[in-house]
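Heads up, the thing below is written out as structure tokens.
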Amino acid sequence: MTLPFIVDSHCHLDFPDFDGERDALIARAADKGVRLMVTISTKVERLPVLLEIAEAYPNVYATVGTHPNSAAEEPDVPTERLVALSAHRKIVGIGEAGLDYHYDKAGPAVQEAVFRRHIDAARETRLPLVIHARDADADMERILAEETARGAFPFLLHCFSSGPRLAEAGLEMGGYISFSGILTFNRSEEIRAVAAASPMDRILVETDAPFLAPPPFRGKRNEPAYTRYTAEVLAKVKGLTLDEVAEATSDNFFRLFAKTPDPRAAEAA
């Protein structure tokens, strides 16, 4: 049986949850058809760790950026540094950056300032900005609208858990939406409704591993192999087959993360 080609567009392979078993983890992912993954930066100072992992595996790529919950620890990383670091061949995106008002780890003003510098970096490099938005829909929509008016930039609303208004606004501004294991949770009817309403050519899938494992692994550590379970639920929501969803979300990934080589062409040759 031919496996689908699935991309885990957002995981955190540098987290200690995976120490000592990354070889096995990537092998398990391949067994489920998850053939490529992006390990996402949460602190610029940890970039050497991410790059060591990305360099060790041909199918792993990375981003560079400061998570909003780390904004107080890295409040002054200039746009120029983000741009310079992003030149590395294995870095295919900026972020994750954004706004998180759920946790009180950095004030809104600090988060916004850090976020806008990441937007500048995405605009300059044309690499996609991976956006974290939690309990901050109104401010996120405002900032995206203001910054888009200054000049469009590629972006992805990752691990989407916001309301339909932010989804609609982000899509209207040219952004993409990524769905994680949250899509599969019993109480996620609103998120599934957002997925149903979103155009198939703007959707990606992810794990956000080690967080948010889908059933049947709910409450356990997540890992890239489990992207398949989210893709299966997305297929049901959209009335498509798993193969159709895998192909569409992979196409969308390589269109948005255009710096990432697409191995499917070589495999088909």
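The values are calculated or read from the model by the stated rules, or taken from the named source; none is laboratory data. A quick note: this is a predicted structure, and the numbers were derived from the prediction, not measured. Virtual Cβ from ideal backbone geometry, glycine too; neighbours counted across all protein chains shown. When the accessible area is computed, the model is the full protein with side chains, heavy atoms only, and any ligands, DNA or RNA have been set aside. Shrake-Rupley method; radii C 1.70, N 1.55, O 1.52, S 1.80 Å.
Identification of strands (runs of 3 or more DSSP E) wholly contained in the stretch 99-205 with 1 or more residues that are open to solvent by 10 Å² or more (accessible area, probe 1.4 Å) and touching a residue at least 60 places away in the same chain (Cβ under 8 Å) yields 129-134, 176-179.
Residue pairs whose Cβ atoms lie under 8 Å apart, separated by 6 or more positions or on different chains, with the first residue in the stretch 207-228 and free of Cβ contacts under 8 Å to residues at least 40 places away in the same chain and the second of a type in the set (Lys, Arg), are 213/220; 213/221.
Taken over the stretch 48-66, the criterion of being closer than 28 Å to residue 117 by Cα, part of a helix (DSSP H, G or I) and open to solvent by 10 Å² or more (accessible area, probe 1.4 Å) is satisfied by 48, 49, 51, 52, 53, 55.
Would you mind finding the one in 61, 101 that is hydroxyl-bearing (Ser, Thr, Tyr) and either touching a Leu at 6+ places or on another chain (Cβ under 8 Å) or on the phi > 0 side of the Ramachandran plot (or both)? Reasoning before the result, please.
Values: 101 fails: either touching a Leu at 6+ places or on another chain (Cβ under 8 Å) or on the phi > 0 side of the Ramachandran plot (or both).
Of 61, 101, the one residue that is hydroxyl-bearing (Ser, Thr, Tyr) and either touching a Leu at 6+ places or on another chain (Cβ under 8 Å) or on the phi > 0 side of the Ramachandran plot (or both) is 61.
Residue-level analysis places residue 72 outside the set of residues that are within 16 Å of residue 12 (Cα to Cα), over 18 Å from the mean Cα position of the chain (by Cα), open to solvent by 10 Å² or more (accessible area, probe 1.4 Å) and of a type in the set (Gly, Ala, Ser).
For the stretch 67-98, give me the residue count where each residue is of a type in the set (A, V, I, L, M, F, W, C) and part of a loop (DSSP other than H, G, I, E, B). Don't jump to the end; show me each part of the working.
In the first step, residues of the stretch 67-98 are kept if they are of a type in the set (A, V, I, L, M, F, W, C); the result is 71-72, 77, 82-85, 87, 91-92, 94, 97.
Still in the running and part of a loop (DSSP other than H, G, I, E, B): 71-72, 77, 87.
Looking only at that region, the number is 4.
Take residue 222 and tell me if it is out of contact with any Ser or Thr (no Cβ under 7 Å at 6 or more places or on another chain), modelled with pLDDT of 95 or more and either more than 19 Å from residue 191 (Cα to Cα) or aliphatic (A, V, I, L, M) (or both). Spelling it out, it is not the case that residue 222 is out of contact with any Ser or Thr (no Cβ under 7 Å at 6 or more places or on another chain), modelled with pLDDT of 95 or more and either more than 19 Å from residue 191 (Cα to Cα) or aliphatic (A, V, I, L, M) (or both). Figure legend. Inter-residue proximity from the stretch 20-45: first residues in a strand (DSSP E or B), second residues modelled with pLDDT of 95 or more and acidic (Asp, Glu), beta-carbon distance below 7 Å, spacing 6+ or different chains. Indicated pairs: 34/8; 37/8; 39/14.
Looking at the structure I just gave you, is residue 249 in a loop (DSSP other than H, G, I, E, B), surrounded by 16 or more Cβ atoms within 10 Å (Cβ to Cβ), at pLDDT 95 or above and not acidic (Asp, Glu)?
On the way: in a loop (DSSP other than H, G, I, E, B): no; surrounded by 16 or more Cβ atoms within 10 Å (Cβ to Cβ): yes; at pLDDT 95 or above: yes; not acidic (Asp, Glu): yes.
It is false that residue 249 is in a loop (DSSP other than H, G, I, E, B), surrounded by 16 or more Cβ atoms within 10 Å (Cβ to Cβ), at pLDDT 95 or above and not acidic (Asp, Glu).
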